[in-house]
Every structure is written in C-alpha cells, then in structure tokens.
Amino acid sequence: MKKFFKVIGTVLLTGVIGALITEYVLKVGTLGMSNFKYLIIAGVVLGVIVFFVSKRKVSYSIAVFIGALLIPYFAFGVGQIDFYMVDDNLAQGITVVEVRPTMDKIVFGTPDKGDVAVWSGPQTLQLHPGENRVKLGRFNIPADTYKGGMVSIGDIQVDIKADLTIMTDPISGQSIPADRYEEAFSNIKNRMTGSVGGFNIKLMNSALNGSVGTFTISVGSMKQPLPIPEFKYPGMGGPDITLDITLDEMGKPDPSKIKAIVDMPPGVGGAFPSMPGVEFN
C-alpha cells in the first residue's frame with residue numbers, strides 16, 4: 001500500500017512540477033493537442049531516466065510518464081492565460097509575405113465595474129503565413145465575474161506579392177502574356193481596395209518590377225467583440241487563446257472573421273458549447 005501511494009504521488013508531483021516549469025520557467029503553452037506529442041517525448045525521456053536512477057523500478061518510470069501526459073490538465077489549473085496571434089493564408093495565386101497587426105487593448109466586461117483591461121499594448125506583430133505563432137504575453141485577470149469583451153486593433157497591414165508569370169486571366173483562364181502585365185497589375189490594384197466585412201481596405205503602396213507586383217494594404221483601426229458567456233474567474237488557471245486572422249483569395253484580411261481559438265487540455269474542449277467566432281481546440 002505504501003508503494004502505491006508513492007507511485008500516485010510521483011504521478012501528481014510530475015504533473016504539477018511539469019506544469020509550473022512550462023508555465024513559469026519556460027513560459028510555453030502546453031494546452032491542446034498540438035503540443036501533446038512533445039509531452040509524450042518528454043514522458044518517455046523522463047521515464048527512461050527514472051528507470052535507471054531508481055534501479056530499474058518500472059512502476060516509477062510509468063508514473064513519471066503518466067505525470068508528463070497530465071501536465072496540460074495541471075497547467076489548466078495552476079497556469080496563466082497565454083495570448084497568441086496567427087494568420088491563415090487563404091490566398092490563391094497570391095503570396096502573402098507578411099501580416100502586421102497592431103494590437104491596442106483587450107477588455108473583458110464585468111457586471112458592476114464596467115470594462116476591465118486584461119491586456120494592453122500597443123504591440124505590432126510580424127506574422128508570416130504558415131510559419132509562426134507569435135506570443136503577445138499573458139492576460140492579467142483579477143478574480144471576478146466576467147461576460148463579453150472587446151479586442152481593439154490599431155491596424156492590420158499586409159504585404160502581398162503577385163507573380164504574373166504563374167497567374168491566369170480570370171476571364172479566359174489562360175496565362176497572362178508579357179505585353180499585358182501592366183494591365184493585369186492595374187486590375188489587381190483595383191481588387192486590393194474596397195470593403196471587406198464592413199471595413200475599408202486602403203492601398204498603402206504598390207509597384208511592378210518585371211513580372212512581379214508588390215502591394216501593401218491597410219485595414220485601419222477596428223474593434224472586435226468577444227462573445228464570452230458569463231463566467232467566474234478565480235484569479236488563476238484557464239486556457240490559452242489564439243486570435244486567427246483570415247485572409248481572402250487576394251490576401252486581404254477580413255476583420256469580421258477574426259476567430260478566437262481556445263486551447264483546452266486534450267479531450268476537454270468538446271464539453272463546451274459552440275460560440276460564434278470561437279473554436280475550442
């Protein structure tokens with residue numbers, strides 16, 4: 001019986017220490033399935049080390065391995081809410097070189113104190129489609145009851161490249177001949193402006209170098225509601241949150257389709273009701 005409690009204690013200790021290290025020392029997110037493979041690797045490595053240190057006691061090696069897999073669940077309880085932003089490159093025939101959102105402020109609503117700022121900027125991010133997930137920091141949320149919120153964005157600028165040698169004429173479906181590059185470039189410029197999701201897109205600059213057109217567009221300032229249901233926050237713990245920018249076929253961001261991805265411990269996200277603009281992962 002004494003050995004049983006030691007093994008259970010090893011599981012719990014590994015999970016708690018692992019959660020504290022990942023959250024407060026390494027400061028990396030461990031919630032969600034995307035990081036689960038790294039926890040498996042860490043569990044195997046730690047299990048092998050414990051196997052030899054404990055003079056080949058398999059039970060403790062298994063306990064450490066299980067504890068490593070439980071790190072996301074302990075991190076959900078003792079960690080802080082990390083905040084990230086990514087972009088989703090949906091462009092067809094267009095290369096999005098960089099997306100630069102400038103985040104100003106994020107507030108949560110309270111029943112009696114009005115809006116409470118849980119993150120403050122401004123901070124401009126450099127996002128490269130399909131390559132990075134940029135961390136903005138952590139929410140500072142005092143213990144209270146919250147409902148609803150707002151993301152204030154100063155601007156979203158996008159650098160876009162159009163290679164006319166691989167693009168096709170939208171009418172004929174044929175390749176664009178070299179003597180029509182100027183015309184095609186002008187047509188693309190016209191498509192880089194206009195209204196997307198109720199926001200006016202501005203063309204900051206553009207240039208044609210041979211067969212390659214480059215563009216920088218700007219969305220301008222906006223406020224994005226957060227459809228958060230009423231919840232009581234104890235002052236610690238919680239999921240990690242990522243804001244996902246959606247780009248249209250020309251690489252233009254649609255602020256009305258900015259989505260919040262909520263990273264929960266594996267198997268937990270499905271227990272939450274669906275909400276517009278929110279994806280539980």
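Could you go through region 111-128 in sequence order and give the Karplus-derived ³J(HN,Hα) for each residue, using 6.51 cos²θ - 1.76 cosθ + 1.60 with θ = phi - 60°, rounded to whole Hz, and x for Gly and Pro?
x, 10, 10, x, 7, 10, 6, 9, 7, 10, x, x, 9, 9, 9, 10, 10, 10
Roughly how many debye, to the nearest 20, is the charge dipole of region 100-253 about its Cα centre, given +1 on each Lys and Arg Cβ, -1 on each Asp and Glu Cβ, and no other charges?
420 debye
Once you place label points 7 Å from the Cα toward the Cβ at Val212 and Thr193, how far apart are they in nm?
About 2.6 nm separates the two model spin labels.
Sorted by packing (mean other beta-carbon atoms within 10 Å per residue), highest first, where do 104-115, 227-238 land?
Put in order of decreasing packing, that is 104-115, 227-238.
Could you point to the residue in Ile71, Ser59, Ile17 farthest towards the positive end of region 2-78's charge dipole, with +1 and -1 charges on the Cβ of Lys/Arg and Asp/Glu respectively?
Sorting the options by dipole projection puts first Ser59.
Using 16 Å as the cut-off for backbone N distance, which residues of region 104-139 belong to the label zone defined by a point 7 Å from the Cα of Lys147 along Cα→Cβ?
Answer for this model: 108-116.
Assuming R0 = 41 Å, can you tell me the calculated FRET efficiency for the pair Lys202 and Thr110, based on Cβ-Cβ distance, to the nearest 0.05?
The pair Lys202/Thr110 has a calculated efficiency of 0.70.
On full extension of the chain, what length is gained from Ser221 through Val25, given 0.36 nm per residue of separation minus the C-alpha to C-alpha distance? Kindly include the intermediate steps, with their values, before the conclusion.
On the way: separation 196, 0.36 × 196 = 70.56 nm, distance 3.51 nm.
Taking Ser221 through Val25 to full extension adds about 67.1 nm, to one decimal.
Going down the list Lys37/Lys147; Lys161/Lys257; Lys135/Lys223; Lys105/Lys202, which pairs span over 29 Å between their C-alpha atoms?
Lys37/Lys147, as the Cα separations exceed 29 Å there.
Starting from the Cα of Lys2, draw a straight line to each of the lysines and keep only those under 30 Å, dropping any in the same chain fewer than 8 residues away.
Output for Lys2: Lys55, Lys57.
Read-outs: derived from the displayed coordinates by stated rules, not from any lab. The model shown is predicted, which means the values in this text are computed figures rather than measured ones. Quick reminder, even Gly has a Cβ in these numbers, built from the backbone with ideal geometry, and neighbours come from all protein chains shown.
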